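The values are calculated or read from the model by the stated rules, or taken from the named source; none is laboratory data. Predicted model, so just to flag it, every value in this text is computed and none were measured. With ideal geometry, Cβ positions are generated from the backbone for all residues, glycine too; neighbour counts draw on all protein chains shown.
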Amino acid sequence: MTVGQAPARTAPTGRSRNLRRPLVYVLLSLGLLIMSAPFLWMAVSSFKTTSELSASPPVWIPTEWTLDNFRQLLDKLDLPLYFMNSVIVAVLVTVSNLVFCSMLGYALAKLRFVGRNKIFGVVLGALMVPGNLMLLPLFVLMSKLKLIDSYAGLVLPFAAGAFGVFLMRQFMQSIPDELLEAARMDGAGEWYIFWRIVMPLVKPALATLSIFTFLGSWNNFVWPLIATNDPDKYTLPVALATFATDPNKAGGSNGMLMAGAFLVVLPVLILFIALQRHFTQGIATAGMK
């Protein structure tokens, strides 16, 4: 080796690789356990009896699984109404984001027009604005439009998001321009190209955006709390929070609160499992743009 030359790196031997792999699995398993422990505790506690919930030291696995917490919650809270309110709002917000963010993302990625880069700069700037900063202007605007205590007032402020536009724009840039030019030469219009060619090619990005949007809308608490005064328009998180702070209803029952929290998380968990493959592909592909 000459002077000043960096020593060559030796490849790890088979023995070192065999020792390193179990260590990585142990660390990943430990991290997974730490992250999932609160959810597992909540899910298991929703099936515990009152005595097991208040036991000290805590009972990790219930000796007697019961559905009494869910029955009591249904008796004291109009759960189907609030559940449907959350479903309606989350689905409408998700669908509108998929449509509008895809349209704007396609325009910013594949169409040439004056001011395109400036519009994209505005989108990037909107990503840096804290969401809570917009609550007061949104409330004033919805009040002027007389949309308080309505589904429209819960949906319209979140019908399109800067993150969705950015994600779809980055993903659509990977579509070859030659493919779109060939379609234009065959006489296809922009609407046909967008719906029949582009949209089927960006299914992983659509799945990723749908999960993020549905999750954000389903768990949104502050805006529905501000924008609804009528209890019949409460979404599930707002209804459960109101229920938890009412001593005449919850009565300090941790079991019912655990059951309610479990019901809030369950739809999002099912959606993620159903779209997991597309979600992973969308994140991996968008990250290479």
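Candidates are the residues of region 174-199 that are touching a residue at least 12 places away in the same chain (Cβ under 8 Å) and aliphatic (A, V, I, L, M); the one that is surrounded by the most Cβ atoms within 10 Å (Cβ to Cβ) is Val198.
Among the residues of region 115-140, those identified as under 22 Å from Ile175 (Cα atoms) and of a type in the set (Val, Ile, Thr) are Ile119, Val123.
If you take the residues in region 232-272 that are at pLDDT below 80 and among the aliphatic types (A, V, I, L, M), which one is farthest from Asp68 (Cα to Cα)? Among residues in region 232-272 that are at pLDDT below 80 and among the aliphatic types (A, V, I, L, M), the one farthest from Asp68 (Cα to Cα) is Leu271. Within region 168-178, being assigned to a helix (DSSP H, G or I) and either within 15 Å of Phe214 (Cα to Cα) or not aromatic (Phe, Trp, Tyr) (or both) holds for Met168, Arg169, Gln170, Met172, Asp177, Glu178.
For region 160-217, filtering for residues that are polar (S, T, N, Q) and more than 26 Å from Leu236 (Cβ to Cβ) leaves 3.
Quick one: would you say Pro157 is farther than 30 Å from Tyr234 by Cβ, out of contact with any Cys (no Cβ under 7 Å at 6 or more places or on another chain), crowded, with 18+ Cβ neighbours inside 10 Å and in contact (Cβ under 8 Å) with a residue 24 or more places away in the chain? Before you say what the answer is, go through the steps one by one.
Details: farther than 30 Å from Tyr234 by Cβ: no; out of contact with any Cys (no Cβ under 7 Å at 6 or more places or on another chain): yes; crowded, with 18+ Cβ neighbours inside 10 Å: yes; in contact (Cβ under 8 Å) with a residue 24 or more places away in the chain: yes.
So Pro157 fails the test.
Whether any residue in region 28-47 is at pLDDT below 80, of a type in the set (Gly, Ala, Ser) and surrounded by 10 or more Cβ atoms within 10 Å (Cβ to Cβ) is what I want to check. Checked region 28-47: no residue is at pLDDT below 80, of a type in the set (Gly, Ala, Ser) and surrounded by 10 or more Cβ atoms within 10 Å (Cβ to Cβ).
The selection criterion, being within 18 Å of Val238 (Cα to Cα), in contact with a helix residue (DSSP H, G or I) (Cβ under 8 Å, 6 or more places away or on another chain), of a type in the set (Ser, Thr, Tyr) and touching a residue at least 24 places away in the same chain (Cβ under 8 Å), holds for Tyr82. Of all the listed residues (Pro57, Pro22), the sole one being over 31 Å from the mean Cα position of the chain (by Cα), in a helix (DSSP H, G or I) and more than 20 Å from Leu257 (Cβ to Cβ) is Pro22.
Val140 falls short on exactly one of the conditions (1) in contact (Cβ under 8 Å) with a residue 24 or more places away in the chain; (2) over 27 Å from Val264 (Cβ atoms), and that condition is (1).
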